[in-house]
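Undergrad: Pasting a structure here, questions to come.
The values are calculated or read from the model by the stated rules, or taken from the named source; none is laboratory data. Keep in mind that this is a model prediction, so the values were computed, not measured. Note that we place each Cβ from the backbone using ideal geometry, even for glycine, and neighbour counts take in every protein chain shown.
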Amino acid sequence: MRERTTFFCKECGYETAKWQGRCPGCGEWNTLVESTTVTGKTSSGTRRTLSPKNTAQKLNEIDTTKEIRIHTGMGELDRVLGGGAVLGSLVLVGGEPGIGKSTLLLQICDSLGHLAKILYVSGEESQRQLKLRAERLGVTGNSLYILPETNLENIFETVSSLAPNVLIVDSIQTMYKPDINTAPGNVSQIRECTMSLMQLAKASGITIFVVGHVNKDGAIAGPKILEHMVDCVLYFEGDRSLTHRILRAEKNRFGSTNEIGVFEMSGRGLIEVPNPSELLLSGRPA
């Protein structure tokens with residue numbers, strides 16, 4: 001194995017062997033961060049294949065008549081996604097810690113469980129913690145499987161044996177690949193883990209939701225290239241001292257970015273607000 005030190009730009013993902021004050025890729029100052037990676041064989045002796053191999057197909061032979069979207073059970077989320085989650089897509093859900101990202105994804109498992117098999121991978125909570133939260137939210141989850149894991153290779157082994165239709169990864173900052181000798185949350189780990197998940201989604205048709213935390217500047221923690229790699233970037237926003245939350249699409253390859261979803265946080269989880277205008281007008285004096 002060989003150790004290699006490189007520098008990545010947090011804004012555009014530009015890679016260079018030497019540190020520079022200004023990124024040659026995007027021109028931003030002081031955005032290059034150091035990352036040490038180990039290249040070579042994995043601990044098992046060979047590099048594990050994380051996704052099946054794709055094959056080329058003629059354009060006029062590709063079938064587009066089959067329904068490619070699945071409804072999440074939340075109309076507000078479906079509208080922001082452009083009519084539902086697209087099969088084989090990689091969706092990044094970003095927001096501040098505690099804003100309700102995990103709650104939103106756990107709630108949609110109740111409706112999706114009637115149509116699909118779901119694997120919820122948690123790198124931050126144990127199975128018991130997720131079970132208690134699911135009971136509070138009223139999520140039964142007959143087709144919902146919980147896996148507390150951060151090793152991406154172990155996650156892919158479970159995906160291979162369980163064959164889920166939907167995969168939820170909470171969160172990308174806690175995931176790591178053992179063949180990269182850096183800590184979870186490092187620029188290299190986030191980039192490589194996201195790339196592997198994207199390859200899995202495209203090759204197998206699994207719909208993948210990935211949770212991403214934001215930094216103090218309001219951007220998703222990790223390299224900016226992370227947002228370029230995924231199909232959809234959703235931001236879940238709101239003041240944690242208030243009850244209402246807004247879901248908006250920063251990027252959507254399968255729909256418009258002009259739609260927003262409005263939710264109200266309650267003791268039983270998130271409640272959809274289908275008519276936010278009425279909600280805002282109700283607080284005005286007659």
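Undergrad: Could you check GLY222 against (1) at pLDDT below 90; (2) in contact with a helix residue (DSSP H, G or I) (Cβ under 7 Å, 6 or more places away or on another chain); (3) not in a loop (DSSP other than H, G, I, E, B) and say which number it fails?
TA: (3)
Undergrad: Also, quick follow-up: What strands (runs of 3 or more DSSP E) completely inside region 60-169 contain at least 2 residues that are of a type in the set (A, V, I, L, M), touching a strand residue (DSSP E or B) at 6+ places or on another chain (Cβ under 8 Å) and farther than 23 Å from MET229 by Cα?
TA: In region 60-169, 144-148 are the strands (runs of 3 or more DSSP E) which contain 2 or more residues that are of a type in the set (A, V, I, L, M), touching a strand residue (DSSP E or B) at 6+ places or on another chain (Cβ under 8 Å) and farther than 23 Å from MET229 by Cα.
Undergrad: Hey, another quick one. Can you run down the residue pairs with Cβ atoms below 8 Å, 6 or more apart or on separate chains, where the first is in region 68-93 and farther than 14 Å from LEU115 by Cβ and the partner is part of a helix (DSSP H, G or I) and among the hydroxyl-bearing types (Ser, Thr, Tyr)?
TA: GLY88/SER204; LEU90/THR194
Undergrad: I've got another one for you. Can you say whether VAL80 is β-branched (Val, Ile, Thr), farther than 24 Å from GLN199 by Cβ and crowded, with 18+ Cβ neighbours inside 10 Å, as far as the supplied structure shows? Give the steps one after another, and end with the answer.
TA: Working: β-branched (Val, Ile, Thr): yes; farther than 24 Å from GLN199 by Cβ: yes; crowded, with 18+ Cβ neighbours inside 10 Å: yes.
So VAL80 fits the description; yes.
Undergrad: With THR42, THR46, THR31 as the choices, which residue is under 24 Å from LYS251 (Cα atoms) and at pLDDT below 90?
TA: THR31
Undergrad: Which of the residues belonging to region 111-127 are surrounded by fewer than 20 Cβ atoms within 10 Å (Cβ to Cβ) and over 19 Å from ASN151 (Cα atoms)? Write out each step before concluding.
TA: Of region 111-127, the ones surrounded by fewer than 20 Cβ atoms within 10 Å (Cβ to Cβ) are 111, 113-117, 124-127.
Residues satisfying the conditions are SER111, GLY113, HIS114, LEU115, ALA116, LYS117.
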